[in-house]
Amino acid sequence: MRIGVLTGGGDAPGLNAAIRAVTRKALAEGMEVLGFRNGWLGVLEKDFTPLDMHSVSGILYRGGTILGTSRTNPYSRQGGPEEIHENLRDLEVEALVPIGGEDTLGVARRLSQEGINLVGVPKTIDNDLYGTDYSIGFDTAVGVVMDSLDKLHPTAEAHHRVMLVEVMGRDAGWVATLGGLAGGADAVLVPEEPFSLEKLYARLRKRHEELGKLFSIVVVAEGARPRDGGQAVVGGTQVDEFGHIRLGGIAHTLASQIEAATGYETRVVVLGYLQRGGTPSAFDRVLATRLGVAAVELIKAGQFGVMVGLKGNRILPISLEESLSQTHSLDRDLYHLADLFY
């Protein structure tokens, strides 16, 4: 049996661990493995490399993805889906393991409905894929936020400043909340809970005037928005092949508003791609390994059209249809737990 594996969308720590797991398990089962370069683009262009023990040796600890990635959407291109079907037939690929987030697996769901055998693996630092408690890359991203807040605390305190730390999170505030909780943030703003500027100002004033804390650190997810119906701040006008506009800039907008309302000197730190880069955590390495192996096991069992996910401490399949029917939104209990420490 010959299978293919690809990584699509934004990169995340742990992708190489997943590629390694898929390859080693498939080889152990007597399968051949083709690695498609740059996500769905590789399948469209027949751009692939055979994967063997040598090609996945030494990649467990590496960030990024040895296969490359892109935000290619075959359904936005004339004849794209037909090319996918034809190329997989020509290459005699009997099943695919797409590793990605909502967009990459959204393509996988449509291809599955058209008869292509595949098993998805969840990857997104936003942790917003329904059907898995944790996605590949999320734990590492939280660690980056925590480490950054640890470094920002002493400089914020020394200069008596408000520090606004902008983190990733288009539709879900998992990274902001857990990173903020672990790093001792003084406020966290997330997409699921539209924020009140007046409440934020009041919190900062209370720290300064009542508690004697002359500095504050506020973590804000890129997709956070004000309670009065305002929109998320965008970082440009172009959209990708999935129709997403690039977010970014809310921290700069808030900084000027906070300074004007409170008079407190405010600075901005945008963590950006630092959250996606670097060495994956132990948790992400183990999670990616378990998910990759489970995907091949399902292929061997002939169970397709599903995504493997972590539920509790078990790896379980969930249909792509169900997984993509809703968003894995932030657990409000965690958000209010964090609020206790602000």
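Per-residue answers, yes or no, for (1) over 23 Å from Gly101 (Cα atoms); (2) in contact (Cβ under 8 Å) with a residue 12 or more places away in the chain:
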position	(1), (2)
Val145	no, yes
Leu149	yes, yes
Pro154	yes, no
Gly169	no, yes
Trp174	no, yes
Ala202	yes, no
Taking the range 30-42 on its own, how many of its residues are touching a helix residue (DSSP H, G or I) at 6+ places or on another chain (Cβ under 6 Å) and in a loop (DSSP other than H, G, I, E, B)?
0
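A quick yes/no check of all residues on (1) in contact with a helix residue (DSSP H, G or I) (Cβ under 7 Å, 6 or more places away or on another chain); (2) surrounded by 15 or more Cβ atoms within 10 Å (Cβ to Cβ):
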residue	(1), (2)
Asp11	no, yes
Ala18	yes, yes
Val22	yes, yes
Leu44	yes, yes
Val56	yes, yes
Glu82	no, no
Val97	yes, yes
Based on this model, can you work out whether Asn73 counts as under 24 Å from Val308 (Cα atoms), in contact with an Asp or Glu (Cβ under 6 Å, 6 or more places away or on another chain), among the polar types (S, T, N, Q) and in contact (Cβ under 8 Å) with a residue 12 or more places away in the chain?
yes
With respect to Ala301, determine if the residue is closer than 23 Å to Thr140 by Cα and of a type in the set (Gly, Ala, Ser).
no
In the range 113-150, what count of residues is obtained for those that are within 10 Å of the chain's Cα centre (by Cα) and among the small types (Gly, Ala, Ser)?
3
Exactly one of these conditions fails for Phe283: (1) at pLDDT below 95; (2) out of contact with any strand residue (DSSP E or B) (no Cβ under 6 Å at 6 or more places or on another chain). Give me its number.
(1)
Can you name every residue in the range 25-67 that is touching a Ser or Thr at 6+ places or on another chain (Cβ under 8 Å), small (Gly, Ala, Ser) and closer than 19 Å to Arg285 by Cα?
Ser55, Gly63
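The values are calculated or read from the model by the stated rules, or taken from the named source; none is laboratory data. Since we're looking at a predicted model, the values are computed, not measured. Note that we place each Cβ from the backbone using ideal geometry, even for glycine, and neighbour counts take in every protein chain shown.
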